[in-house]
Amino acid sequence: MIRVQEEDFDVGAEIAALTGGDRSIGAVATFVGLVREMAPVEGETRAIESMTLEHYPGMTEKKLAEIEDEANRRWPLAASLIIHRYGTLSPGERIVFVACASAHRHAAFEACQFLMDWLKTEAPFWKLEATDTGGAWVDARESDDHAVARWTDKPDAAE
Amino acid sequence: MKLLYFAWMRQRIGTSAEDIARPDGVDTVGDLVDWLVARDEGYAKAFEKREVIRAAVNQEYVRFDHPVNDNDEVAFFPPVTGG
């Protein structure tokens, strides 16, 4: 399941809903991404007042659904969930949630990491950080490209 | 065709979306970029580092040699930074 939304989410309630009733599930791995209070902006570490996430409605949902399908092809997951927020968020707020449920922990851990690595390089979101000197778009990180390269056989052959 | 721009490309171009008739001689995404860059300085600035810009046709990532058609939705944006 995927959700792209402006509002916050409740991690406990999401996990309970994801696994509810399925007693074959022995493991749930989750990831929560948060807005940091400090970030490097143009080479200097600055205090972040807010972060605004822009996305490409339509393509975002499509790419997230593709990424989730791919995780389900690669690992025996009983359930999975990706929630990604957009709009203006403050430091400490939740941005993204990924949960993978499986009979055993390895599939849950690996699928969760795979989903985050893929999402970082494929989902059309952009972060604008506001500091006391104005706004700056977050640069893509080379380390994210390296992280995703671990998972060979990219489903998106165009890249 | 419908053109969409995101993040700092949107800011440099000054609009998030526009409808245009496919110009003569514009057969690929790369042709479209050449045509846009020649339009004005905002576009030229937005496409300055062409090698980092990502393109999507009908919401699928494509290379710049991908063909474009009259009713396509073509989006241009910087490298993504979600998660």
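Coordinate-derived values only; no laboratory data. Since the model is a prediction, treat every value here as computed from it, not as a measurement. Cβ coordinates were reconstructed from backbone atoms using ideal geometry, including for glycine residues, and neighbour counts include every protein chain displayed.
Just for the protein assembly as shown, what percent of DSSP beta bridges are antiparallel, to the closest 5? Kindly include the intermediate steps, with their values, before the conclusion.
Details: 43 of 51 bridges.
Bridges in the protein assembly as shown are about 85 percent antiparallel.
Scan chain B and hand back the longest stretch that contains none of the trypsin sites (Lys or Arg not before Pro) lying in DSSP loops with at most 13 other Cβ atoms within 10 Å.
B:1-38
Using DSSP to define loop residues, name the GluC sites (Glu not before Pro) in region B:1-58 whose beta-carbon has at most 14 other beta-carbon atoms within 10 Å.
On the way: sites: B:Glu18, B:Glu41, B:Glu48, B:Glu51; in loops: B:Glu48.
Those that pass, being in a loop and sparsely packed, are B:Glu48.
Over 23 Å between Cα atoms: which of A:Lys62/B:Lys45; A:Lys62/B:Lys49; A:Lys120/B:Lys45; A:Lys62/A:Lys127; A:Lys63/B:Lys45 fall into that group?
On the way: A:Lys62/B:Lys45 29 Å; A:Lys62/B:Lys49 27 Å; A:Lys120/B:Lys45 26 Å; A:Lys62/A:Lys127 19 Å; A:Lys63/B:Lys45 28 Å.
The pairs that break the limit, which is 23 Å between Cα atoms, are A:Lys62/B:Lys45; A:Lys62/B:Lys49; A:Lys120/B:Lys45; A:Lys63/B:Lys45.
Using only C-alpha atoms and all pairs of different ones, pull out the Kirkwood radius for region A:37-159 in Å with one decimal.
Values: mean 1/r = 0.0634 Å⁻¹.
After inverting the pairwise mean of 1/r, the radius is 15.8 Å.
Give me P(r) over the protein assembly as shown, computed from all C-alpha to C-alpha distances, binned every 5 Å, as integer percentages.
The calculated distribution, bin by bin, is 1, 6, 13, 16, 17, 15, 13, 9, 6, 3, 1, 0, 0.
Residues of region B:27-54 with amide nitrogen under 17 Å from the 7 Å Cα-to-Cβ point of B:Thr15?
Inside the label zone: B:32-47.
Just going by the charge dipole of the protein assembly as shown, with Lys and Arg at +1 and Asp and Glu at -1 on Cβ, which of A:Thr60, B:Ala75, A:Phe97 is farthest out on the positive end?
A:Phe97
What is the list of residues in region A:116-154 whose amide nitrogen lies under 20 Å from a point 7 angstrom out from the Cα of A:Glu44, following Cα to Cβ?
A:128-139
If region B:2-77 were replaced by its equivalent ellipsoid, with semi-axes equal to the square roots of 5 times the Cα gyration tensor eigenvalues, what would those be, largest first, whole Å? Mind showing how you got there, number by number?
Values: eigenvalues 56, 35, 30 Å².
Over the Cα atoms of region B:2-77, the semi-axes work out to 17, 13, 12 Å.
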